[in-house]
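Nothing in this text is a laboratory measurement; each read-out follows from the coordinates by a stated rule. Quick caveat, the model's predicted, so the values are computed rather than measured. So basically every Cβ, Gly included, is an ideal-geometry build from the backbone, and we count neighbours across all protein chains shown.
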Amino acid sequence: MAFPTKLRTALATLVITCTVGLGVAHAGDNGLNDWQPCPDSLAVDGGKAPTKKWDLTLSPYTYHWHYSAEHRPVKLVAMDSHVSGGRFCGMALFTNSFGQETTYVYVGQQWDGVLGNPKLFSKLSAGLIYGYRGAYKDKIPLNQTGIAPAIIPSLGYAFTPKDSAQVFVLGNAGLLFAYGHSF
């Protein structure tokens, strides 16, 4: 029996809210600043300490390489938590190109000072995507069980120490343009 979309969305929101809420509640007086959702094994022993703890990424626009009347606007919100050695973990919640609620859970690496420019950086994340269902399940490779692996590279430019613009390459689907805020 399939759950209606609104019920699935409500359940997913409840699970995420409870998970984040419990993590923050156990984090102590400093709340989000002390909470670390990334596994300890992700950090590089002796690696450079992160200059930021969290990144919030928002995307209002995705450019598709090929037009389709089925495409819908993609809206994304993501949170990354940084650990030593330029590594991070995170979760993105978005509506995919076909209007379906979708989640991407990932780990990644960030490289600062690309091409010798201290404001230019790149990221590479790898993780699992859930949300391409029904008639659209074959729109991403290896999506046999509703969950598919993904690798997403991006290039960014830091306008200030806390604000950046990024472009994510979504394979043969297109480009996702985003704003990032570090804290």
Most exposed to least, judged by fewest other Cβ atoms within 10 Å, Tyr106, Tyr67, Tyr157 sort to Tyr67, Tyr157, Tyr106
Please report His82, His66 as a ranked list, fewest other C-beta atoms within 10 angstrom at the top and most at the bottom.
-> His66, His82
Fewest to most Cβ atoms within 10 Å: Cys89, Cys38 sort as Cys38, Cys89
Using θ = phi - 60° and the Karplus relation 6.51 cos²θ - 1.76 cosθ + 1.60, list the HN-Hα couplings for the range 111-120 in order, rounded to whole Hz, with x at every Gly or Pro.
-> 10, 9, x, 4, 6, x, 9, x, 8, 9
Mind putting a number on the dipole of the range 71-183 about its Cα centre? Charges go on the C-beta only, +1 for Lys and Arg and -1 for Asp and Glu, and I need it in Debye to the nearest 20.
-> 140
Pair Lys137, Phe183: separation of 7 Å Cα→Cβ label points (nm) | 3.9
Would you work out which of Phe159, Ser125, Ile140 lies farthest towards the positive end of the dipole of the range 38-182? Charges go on Cβ: Lys and Arg +1, Asp and Glu -1.
-> Phe159
